[in-house]
Amino acid sequence: MGKKAALHNLGCKVNAYETEAMRQLLEEAGYEIVPFAPGADVYVINTCTVTNIADRKSRQMLHKARKMNPDAIIVAAGCYVQTAEHPVEEDGMADLVLGNNCKKDLLEALRMFEAAREGKESAAPEFETVNGRVVGKIDINHNHEYENLSITCTEEHTRAYIKVQDGCNQFCTYCIIPYARGRVRSRRPEDVLREVGILAENGCREVVLTGIHLSSYGSDFDVVSGPYGFCDSNGGMSLLSLIQAVHEVPGITRIRLGSLEPGIVTEEFAAALRALPKVCPHFHLSLQSGCTSVLKRMNRRYTAEEFEEKCRILRNVFDRPAITTDVIVGFPQETQEEFDTTVSFLEKLHLYETHIFKYSRRQGTRAAAMPGQLAEAEKGVRSDILMELGERNRSQFEAECAGKTVEVLFEEKEEIDGAAYFLGYTREYIRAAVLAEKDFTNQILTGKLGRQISPHIYLLMHES
């Protein structure tokens with residue numbers, strides 16, 4: 001009987017991609033992938049460390065896996081184990097520890113651990129043995145190698161997230177990620193295109209290019225000669241030139257982008273994207289605060305006015321683009337006046353979606369040592385205000401799209417009020433539905449966006 005493996009992901013879309021890649025490594029090695037429940041022989045937890053709460057959840061999941069099967073091999077991977085003050089292998093939480101840039105070596109680590117458990121010698125230069133446990137961790141802050149993981153399919157089949165970049169050089173004062181992920185490292189464009197091509201052959205129609213700091217893609221390549229034959233007008237490889245290359249892959253009908261820094265948005269960048277019909281008019285620009293004084297304390301490299309200008313550029317170039325963002329409330333020393341400035345700024349911008357996060361004090365960051373830490377109750381009040389505003393803005397944007405002709409790529413079947421529908425997304429990422437008269441999975445239908453049949457789900461009026 002083959003061995004069974006269960007995986008659990010914590011954190012961002014990059015983590016989710018890496019978890020999927022590890023799942024496929026295990027499948028190819030003959031493991032049966034099972035739910036994260038009692039009965040597995042191997043449990044892989046891809047951890048997160050973006051906040052202290054994420055650290056705690058990572059530890060909880062490791063302990064949960066140990067309780068579900070005390071004899072199983074517990075694998076702790078990713079950001080938490082990369083930055084943890086007390087190594088997880090020391091308290092027995094994990095048998096295998098794979099820091100960032102070591103997840104590709106999962107199978108080798110499993111073989112080494114199993115050999116050691118059976119009393120056999122097995123050496124691998126990328127690992128060391130600590131108290132009977134296998135540890136693979138590198139000095140991520142001085143490593144320039146991109147970890148080459150890949151996937152061939154996704155559970156959704158319709159959409160795939162493609163990791164093209166890792167690491168960050170920004171060092172925002174609230175963020176631990178540069179210490180967990182290291183410096184900017186970009187994926188070779190031919191590797192990206194090969195993966196996208198395989199996914200397209202396996203039925204995937206939409207790809208989302210993502211990374212830890214996506215806007216910096218290509219900045220670590222040789223700007224003079226350009227890498228691997230893919231060059232932009234400056235002789236190097238940029239995010240734009242990668243998007244243009246992905247656009248030529250047969251079978252892919254939609255391209256979305258992960259979170260972008262405002263600085264990448266110029267008139268030229270927006271116009272170049274507009275010339276690519278597969279690129280969806282759906283852009284996530286990272287804001288964090290609508291008040292310039294708070295942005296400065298965060299070490300964000302733009303002003304609120306510059307962010308507004310980037311939104312204006314996108315709206316001038318695209319027809320009704322969906323612009324989404326992230327905002328942190330309750331950052332150290334945020335006054336009521338600064339918060340009110342953010343509220344007014346968001347009221348003026350009318351963004352499609354605003355993801356609100358209460359500032360979480362993260363040990364190891366500069367913001368954690370700042371005076372003027374706000375009470376949790378105050379953060380909660382401010383978060384509620386912005387969430388209500390965000391809900392109004394989202395409803396307004398969707399109402400403005402009602403009656404407009406849209407294209408919907410359908411993904412899944414779901415029951416709403418007793419009726420069966422197929423659900424999908426417009427190019428603007430509005431959720432739409434059609435009655436399940438037949439299987440519309442992975443098909444694109446064009447029609448007018450009709451009435452709302454469930455919160456933020458709209459009926460597509462299409463011709464049969």
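The values are calculated or read from the model by the stated rules, or taken from the named source; none is laboratory data. Predicted model, so just to flag it, every value in this text is computed and none were measured. Heads up, the Cβs are rebuilt from the backbone with ideal geometry, glycines too, and the neighbour counts pull from every protein chain shown. The accessibility values were calculated without ligands, DNA or RNA, using every heavy atom of the protein model including side chains. Shrake-Rupley method; radii C 1.70, N 1.55, O 1.52, S 1.80 Å.
Brief remarks on what is shown
- Looking across the stretch 304-327, just one residue is assigned to a strand (DSSP E or B) and acidic (Asp, Glu), and that is ASP326.
- Scanning the stretch 328-352 for residues that are of a type in the set (A, V, I, L, M) and assigned to a helix (DSSP H, G or I) yields VAL343, LEU346, LEU349.
- Condition met for ALA420 (of a type outside the set (Lys, Arg), in a helix (DSSP H, G or I) and either without any contact (Cβ under 8 Å) to a residue 40 or more places away in the chain or open to solvent by less than 30 Å² (accessible area, probe 1.4 Å) (or both)): no
- In summary, LEU449 fulfils each of the numbered conditions (1) within 26 Å of the chain's Cα centre (by Cα); (2) within 26 Å of ALA160 (Cα to Cα); (3) open to solvent by less than 30 Å² (accessible area, probe 1.4 Å) with the single exception of condition (1).
- Single condition PHE345 does not satisfy, out of (1) touching a residue at least 12 places away in the same chain (Cβ under 8 Å); (2) surrounded by fewer than 18 Cβ atoms within 10 Å (Cβ to Cβ); (3) of a type outside the set (Lys, Arg); (4) within 22 Å of VAL381 (Cα to Cα): (2)
- Within the stretch 43-69, considering residues that are in a loop (DSSP other than H, G, I, E, B) and in contact (Cβ under 8 Å) with a residue 60 or more places away in the chain, the one nearest to ASN100 (Cα to Cα): THR49
- For the stretch 154-175, a residue qualifies if it is under 17 Å from the mean Cα position of the chain (by Cα) and open to solvent by 10 Å² or more (accessible area, probe 1.4 Å), and the qualifying residues are THR154, GLU155, GLU156, ARG159, TYR161, CYS168, CYS175.
- Within the stretch 53-84, the set of residues being in contact with a Leu (Cβ under 8 Å, 6 or more places away or on another chain) and surrounded by fewer than 24 Cβ atoms within 10 Å (Cβ to Cβ) comprises ALA54, LYS57, MET61, ILE73.
- Enumeration of residues in the stretch 429-464 that are in contact with a Cys (Cβ under 7 Å, 6 or more places away or on another chain) and part of a loop (DSSP other than H, G, I, E, B): ILE430
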